[in-house]
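Novice: My structure is below; once you've seen it, I'll send some questions.
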Amino acid sequence: MDIAALLGKATGLAFVDCSASSETIRMLNQVVDMGCCVVLANKKPLTSTMEDYDKLVSYPRRIRHESTVGAGLPVIASLNRLLSSGDPVHRIIGSLSGTLGYVMSEVEDGKPFSEVVKVAKNLGFTEPDPRDDLSGMDVARKALILARLLGRRINLDSIKIESLYPDEMGPDAMSVEEFLGSGIVSLDNDVQERVKRASLNGNVLRYVCVIEGSSRCEVGIQELPKDSPLGRLRGSDNVLEIYSRCYNKQPLVIQGAGAGNDTTAAGVLADILDIQDLFP
């Protein structure tokens with residue numbers, strides 16, 4: 001599709017990408033060249049190569065992408081305010097998957113991992129293939145967006161990702177039915193042992209992203225204090241703790257619904273309304 005032919009040299013327009021496709025990147029590059037604004041709920045353009053990323057953010061006032069990380073939660077806006085005020089952010093830790101937040105808080109109560117995943121699927125919390133959530137890849141993309149916002153020039157393969165299932169249970173080796181029927185049950189004991197060990201230390205397990213210093217960026221299961229904002233997390237909410245010079249001992253905490261059609265749509269609409277101030 002030739003976007004230039006469709007839009008000409010019009011200004012005051014916003015191109016909104018709510019897909020989950022990487023095929024929109026070429027189109028987005030054309031839109032940026034035309035001086036249009038971009039609103040994203042799609043994470044893939046922002047987690048492509050650094051060349052594509054640099055192109056997208058070359059006019060930072062013309063791009064909004066709040067819904068790529070926390071649906072309608074003000075994660076990107078809060079970070080941008082801190083950074084633009086000269087307050088350096090040195091650590092971010094957060095539970096950025098409503099699905100994995102639900103799973104980890106439920107296994108904490110002693111429920112088998114396999115049963116919790118099946119219930120989550122029946123409730124519509126997971127993708128049709130729950131391994132899309134359990135792989136940690138969606139959280140890794142969100143972590144990459146945040147890390148790049150902080151100035152880290154890294155790619156997806158720079159991030160250490162802990163999958164909640166082994167390679168031999170991957171989509172290439174097992175169907176969804178086989179995974180849910182006989183595969184995932186074999187993971188129950190290992191997960192329960194990790195839950196018990198954390199409990200003995202007075203901690204709980206959460207699946208989180210951690211961005212720290214100039215090099216650490218990883219996603220996976222971490223032991224966290226029960227009385228921390230992440231430790232108190234229940235259900236499918238998202239929680240993000242941001243540590244900076246001003247928020248050093250007590251972090252800035254952002255919490256709320258981080259998934260769902262309504263909250264994502266609200267985040268996209270808010271971004272569209274926000275950029276209208278750029279135009280007379």
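The values are calculated or read from the model by the stated rules, or taken from the named source; none is laboratory data. Fair warning: this is a prediction, and the values are worked out from it, not measured in the lab. We place every Cβ from the backbone using ideal geometry, glycine too, and count neighbours over all the protein chains shown. Surface areas here come from the heavy atoms of the whole protein model, side chains and all, with no ligands, DNA or RNA. Shrake-Rupley method; radii C 1.70, N 1.55, O 1.52, S 1.80 Å.
Novice: Please go through the stretch 13-30 and pick out each residue that is assigned to a loop (DSSP other than H, G, I, E, B) and within 17 Å of Asp271 (Cβ to Cβ).
Specialist: Listed by number, the residues that qualify are Leu13, Cys18, Ser19, Thr24.
Novice: Can you pull out the residues in the stretch 97-139 that are of a type in the set (D, E, K, R), in a helix (DSSP H, G or I) and open to solvent by 60 Å² or more (accessible area, probe 1.4 Å)?
Specialist: Passing the criteria: Glu115, Lys121, Asp132.
Novice: Tell me which of these Pro171 doesn't satisfy, since it passes every other one: (1) more than 25 Å from Ala259 (Cα to Cα); (2) in contact with a Phe, Trp or Tyr (Cβ under 9 Å, 6 or more places away or on another chain); (3) part of a loop (DSSP other than H, G, I, E, B).
Specialist: (1)
Novice: Another question about this same structure. Has the stretch 224-238 got at least one residue that is assigned to a strand (DSSP E or B), closer than 21 Å to Ile76 by Cβ and touching a helix residue (DSSP H, G or I) at 6+ places or on another chain (Cβ under 8 Å)?
Specialist: Yes: one or more hits.
Novice: Turning to a different aspect of this structure: Checking the condition part of a helix (DSSP H, G or I), under 30 Å from Asn80 (Cβ atoms) and open to solvent by 50 Å² or more (accessible area, probe 1.4 Å), which residue from Ala270, Ala259 passes?
Specialist: Every option except Ala270 fails the conditions.
Novice: Let me ask something else. Looking only at residues in the stretch 68-96 that are open to solvent by less than 10 Å² (accessible area, probe 1.4 Å) and hydroxyl-bearing (Ser, Thr, Tyr), which one is farthest from Ala265 (Cα to Cα)?
Specialist: Ser95
Novice: OK, next. So Val204 passes all but one of these: (1) farther than 27 Å from Ala77 by Cβ; (2) modelled with pLDDT under 95; (3) open to solvent by less than 40 Å² (accessible area, probe 1.4 Å). Which condition number does it fail?
Specialist: (2)
Novice: Right, here's the next one. Which residues, counting only those in the stretch 17-41, are closer than 27 Å to Val253 by Cα and surrounded by fewer than 22 Cβ atoms within 10 Å (Cβ to Cβ)?
Specialist: Cys18, Ala41
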